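A.B. asks: Have a look at this one before I ask anything.
The values are calculated or read from the model by the stated rules, or taken from the named source; none is laboratory data. As the structure is a prediction and not an experimental result, all values here were calculated from the model. Glycine also receives a Cβ, built like all others from the backbone with ideal geometry; neighbour counts cover every protein chain displayed. For the accessible areas, the whole protein counts, side chains as well, though only heavy atoms, and no ligand, DNA or RNA atoms are used. Shrake-Rupley method; radii C 1.70, N 1.55, O 1.52, S 1.80 Å.
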Amino acid sequence: MLINNNFEKLPESYLFSTVAAKLREFKEANPSADVIRMDIGDVTLPIPASALAAMHRAVDDMADKTTFHGYGPEQGYAFLRDAIAEGDYRARGVDIRSDEIFISDGAKSDLGNLGDIYAAGNVVAVTDPGYPVYVDSNVIDGRGGELVGGRWSNFIYLDCTEENGFKPTPPEAHADVVFLCSPANPTGVAFTRSELEAWVAYARRNNAVIIYDSAYCAYVTSPGVPRSIYEIEGAREVAIEVRSFSKTAGFTGLRCGYTVVPDTLCGFDPEGRKVQLRKLWNRRQTTKFNGASYIIQRGAESLYSEQGRAETEQNVAYYLENTRIIRDSVAKAGFKVFGGTDSPYVWMRSPRGEGSWELFEKCLREANISCTPGVGFGANGEGYIRLTGFNTREKTVEAMRRLAAMMK
Ligand code: PLP
């Protein structure tokens, strides 16, 4: 057989492996150095007690033939879809129904798999910098064209720079599919209502679909910053929203997320007839996915109880306080700072103008702190680094003390 040679076109993903290799090398050469990981993109607090109790009960369900659960619905159990529709949408005045919600094993899978429901010839718009899955999965599906000077010839790149506060505005050019992430990884910035309105208007004008990644929506605390794109009028006709329990409730290792495909959202077939995307996504999921685990879905359901909600908010508040400490400290140390108020990510550049990797090396050698070089998320990330609020309070405070000393 012939392979899908789009894989051969993809450059190796160097970012996290290079960070890991450089850390390993440094630790070997400096065995007594106590390196603080400020690059971690994973949560560190244990999952909320309510989810733990619910999952224990669900395990016990499996031990009894009257409560045993085999294959579940591919779209997810009604108990979880109902809890999401009520807790994440209707309670916030947003019109989303249970049968528009599809439970999955996480946002990454859905973001990659959505390419199954739109044509290979579509023009895709992606942000630079951005979460690499949007680019790589569309390249694998054949939508990238050729890699020229670090950019794929068929994509529209939405430049995120200091000039636009790392928040892209709609381009002149036509795109069929637009990937937006808010609050964004890696820059930590979030769209305001009016910024998002401009994107919904663009999508409506262009018959485009926005794939809205709101994996970090739980971190939104600023008034006027939407958690969901469906808070914007008209978004039900142009947007798919992808969410995750990973960063909200520490489910990175448990795996659960969901995707919303409103029944008012349509694409066109080659004859120009409107086709509901929800139907296509349902068909895709029932063909290639056998549902997320019953036990994990029971855990996710419990997060919508009063106790679950309080515990989740507590965890998010803990990380946000770390992030606030980082923001304040690095600003005081002279860095230019972005993000970090509605996000666990702080995006920053040094006043001395080092490149991303140069700054990474400097932080590692002089302060024994690891960070993520911004250039790994796209060319516009050059000169920036990303720090995260996912470490412990103690280590975050100590890392900031060291960073301040390094900048003196
Ligand atoms: N979307 C963004 C922007 C992310 O940063 C991540 C994980 O880091 C994901 C999606 C993936 O989330 P999940 O763990 O649900 O697959």
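A.B. asks: How much length is gained on full extension from Asn290 to Ala310, taking 0.36 nm per residue of separation minus their Cα-Cα distance?
C.D. replies: Length difference between fully extended and current span is 4.1 nm.
A.B. asks: How long, wide and thick is region 96-154, going by the Cα atoms along their three principal axes, in whole angstroms, largest first?
C.D. replies: 44, 23, 18
A.B. asks: Let's see if you can work this out: charge +1 on each Lys and Arg Cβ, -1 on each Asp and Glu Cβ, no other charges. What is the dipole magnitude of region 249-408 about its Cα centre, in debye to the nearest 20?
C.D. replies: Once rounded to the nearest 20, the dipole reads 220 debye.
A.B. asks: Let's see if you can work this out: charge +1 on each Lys and Arg Cβ, -1 on each Asp and Glu Cβ, no other charges. What is the dipole magnitude of the chain about its Cα centre, in debye to the nearest 20?
C.D. replies: Details: 46 positive and 53 negative charges, 113 e Å.
Dipole of the chain, to the nearest 20 debye: 540 debye.
A.B. asks: Rg and Dmax of region 109-234, using alpha carbons, in Å: what are they?
C.D. replies: Calculated on Cα positions, Rg and Dmax stand at 14.0, 42 Å.
A.B. asks: Let me ask something additional. On average, how much accessible surface per residue is there in region 69-304, in Å², for a 1.4 Å probe, leaving out ligands, DNA and RNA?
C.D. replies: Per-residue value: 38 Å².
A.B. asks: Still on this structure, I have one more. Need the full-extension length gain, Ala120 to Tyr14, defined as separation in residues times 0.36 nm minus the C-alpha distance. One decimal, nm.
C.D. replies: That pair, Ala120 and Tyr14, stretches by 35.5 nm at full extension.
A.B. asks: Right, another one. Can you list the HN-Hα couplings for region 114-131, worked out from phi with the Karplus curve (6.51, -1.76, 1.60; θ = phi - 60°), rounded to whole Hz and with x for Gly and Pro?
C.D. replies: 3J(HN,Hα) across region 114-131, in whole Hz: 4, x, 5, 9, 10, 5, 5, x, 5, 8, 10, 10, 9, 7, 10, x, x, 5.
A.B. asks: Collect residues whose amide H, placed 1.01 Å from N in the peptide plane, falls under 5 Å from the amide H of Ile156; neighbours closer than 5 in sequence don't count.
C.D. replies: Close amide H contacts, sequence-distant or interchain: Val124, Ala125, Val126.
A.B. asks: Consider all pairwise Cα distances in the chain and report the whole-number % of them above 36 Å.
C.D. replies: Of all Cα-Cα pairs in the chain, 26 percent lie more than 36 Å apart.
A.B. asks: I would also like to ask the following. Considering only protein heavy atoms and a 1.4 Å probe, what is the carbon-and-sulfur percentage of the accessible area of region 69-304?
C.D. replies: The C+S portion of the solvent-accessible surface of region 69-304 is 49 percent.
A.B. asks: Over the chain, with a Gaussian network built from C-alpha contacts below 10 Å, which listed residue (Asn282, Asn206, Asn30) shows the highest mean-square fluctuation?
C.D. replies: Maximum among the listed residues: Asn30.
A.B. asks: Then there's this: Taking the dipole about the Cα centre of the chain, with the C-beta of Lys and Arg at +1 and of Asp and Glu at -1, give me whichever of Met62, Asn30, Ile103 is farthest to the positive side.
C.D. replies: Of the listed residues, the answer is Asn30.
A.B. asks: Out of the GluC sites (Glu not before Pro) in region 1-40, which ones are loop residues according to DSSP with at most 15 other C-beta atoms within 10 Å?
C.D. replies: On the way: sites: Glu8, Glu12, Glu25, Glu28; in loops: Glu12.
The qualifying sites are Glu12.
A.B. asks: With a 1.4 Å probe and every protein chain left in place, tell me how much accessible area Asp141 has, in Å² to the nearest 10.
C.D. replies: 60 Å²
A.B. asks: Next up: State the extension gain, in nm to one decimal, for the chain segment bounded by Asp64 and Asn154, taking 0.36 nm per residue of separation less the distance between their alpha-carbons.
C.D. replies: Extra length available between Asp64 and Asn154 comes to 27.0 nm.
A.B. asks: Quick one: if you take sqrt(5λ) for each eigenvalue of the C-alpha gyration tensor of region 69-304, what semi-axes come out, biggest first, whole angstrom?
C.D. replies: Those come to 27, 21, 18 Å.
A.B. asks: List the residues, sorted by chain then number, that are 5 or more residues from Glu241 or on another chain and whose placed amide H is less than 5 Å from its amide H.
C.D. replies: Those qualifying (amide H under 5 Å, at least 5 residues apart or on another chain) are Tyr212, Val260.
A.B. asks: Same structure, new question: Roughly how many Å² of Asp42 are accessible to a 1.4 Å probe, to the nearest 10?
C.D. replies: Rounded to the nearest 10, the figure is 70 Å².
A.B. asks: Using the Cα gyration tensor of region 281-332, with a ≥ b ≥ c the square roots of its eigenvalues, what is the shape: rounded (a/c below 1.5), prolate (a/b larger than b/c) or oblate (neither)?
C.D. replies: Oblate, because a/c is 1.5 or more while a/b does not exceed b/c.
A.B. asks: Something else about it: Can you sort Thr312, Thr264 by solvent-accessible area, 1.4 Å probe, largest first?
C.D. replies: Thr264, Thr312
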